[in-house]
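Student: Take a look at the following structure, please.
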Amino acid sequence: MKNEELIKLSFTYPEGQERTVRVYVPEHDENETLPVIYMTDGQNLFEDELSSFGSWHTREAVAAERKSSGKAAIIVGIFNDGAPIQRTNELTPATIGRFVFPPEMPEEARKMFIPQGESFDDFVVNTVMPEIESRFPVKKGRENTAFCGSSSGGLQTFFTVMSHPEIFSAGGVFSPCFMLYDGADFESWVRGKVTEPAPYLYLYSGGDPGLEEVICMVTDMTSKLLSTCYPSDKLKTVIKPEQKHCEAAWEKEFECFLHDFLSMN
């Protein structure tokens, strides 16, 4: 039996800066391989000390799932840039469609908004994944590979799994920032990405007044759109009106997504 590990790696991001990736490998048998979940915002996944907002406590979720079902997954947490506007930029794809700025967004902030989600997507698929698969006991193949994130990370997750259905079999799309796009453009992009094999989509939003309420409205609209063109057995929508836009809410949903993903294996 091999003990659990939490390993810190360093990669070179497309713009040239160093980017931290932490890999959690749960306790496993000597020759056992495990499914893998790639996740955004690696600072917030494993412990409270590295996060200003709390942690998802993914290690505890994996341990609980192992105890209840006998199954476990490797978690790959990709750190964000750290600066809020740059995080938004790197987790917002440009090619989905035209952007709709909220009226209250200052002109200076609009000038700093330079979407780069495609670069992040390329970094994950072509730099991080090959290294993880070569160094860790990963069970390869799309059915064993998932992506998960929240807020801008939820948007990026949706973009990545819909863009690479041949690589990812599941996406945890939590409180996604779909409201950034023109509605017609967004619908056209979504319909154009529906294909077989379709990834399993776990769409979640809270409904607390403010940002999460807006996200909830657009998540519900997206769910209704998908219900007209997406396999019903590949779509799960969870709306919890009382929940806020926060790690504590996403932590609970991750437990459910983890279980669903591993139940597919």
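Student: Among the residues of the range 95-113, are any in contact (Cβ under 8 Å) with a residue 12 or more places away in the chain and under 23 Å from Thr58 (Cα atoms)?
Tutor: no
Student: Okay, next question. Determine which single condition Pro176 fails, assuming it passes every other condition in (1) part of a loop (DSSP other than H, G, I, E, B); (2) in contact with a strand residue (DSSP E or B) (Cβ under 7 Å, 6 or more places away or on another chain).
Tutor: Here Pro176 clears every test but (2).
Student: Gly97: on the phi > 0 side of the Ramachandran plot and either small (Gly, Ala, Ser) or not in a helix (DSSP H, G or I) (or both), yes or no?
Tutor: Criteria met by Gly97.
Student: Additional query: The conditions are (1) at pLDDT 95 or above; (2) touching a Lys or Arg at 6+ places or on another chain (Cβ under 9 Å); (3) over 18 Å from Met1 (Cα atoms), and Pro35 fails exactly one of them. Which is it?
Tutor: Failed condition: (3).
Student: Regarding Lys234, is this residue among the basic types (Lys, Arg) and over 27 Å from Phe99 (Cβ atoms)?
Tutor: Values: among the basic types (Lys, Arg): yes; over 27 Å from Phe99 (Cβ atoms): yes.
For Lys234, the condition - among the basic types (Lys, Arg) and over 27 Å from Phe99 (Cβ atoms) - is met.
Rundown of residues vs (1) buried (at least 22 other Cβ atoms within 10 Å of the Cβ); (2) under 15 Å from the mean Cα position of the chain (by Cα), yes/no style:
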site	(1), (2)
Gly172	yes, yes
Gly183	no, no
Lys193	no, no
Glu212	yes, no
Lys224	no, no
Tyr230	no, no
Cys246	no, yes
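Student: Let me ask another. Check off (1) part of a loop (DSSP other than H, G, I, E, B); (2) touching a helix residue (DSSP H, G or I) at 6+ places or on another chain (Cβ under 7 Å) for Tyr38 and give me the number that stays unchecked.
Tutor: (1)
The values are calculated or read from the model by the stated rules, or taken from the named source; none is laboratory data. Everything quoted here is computed from the prediction, not taken from an experiment. With ideal geometry, Cβ positions are generated from the backbone for all residues, glycine too; neighbour counts draw on all protein chains shown.
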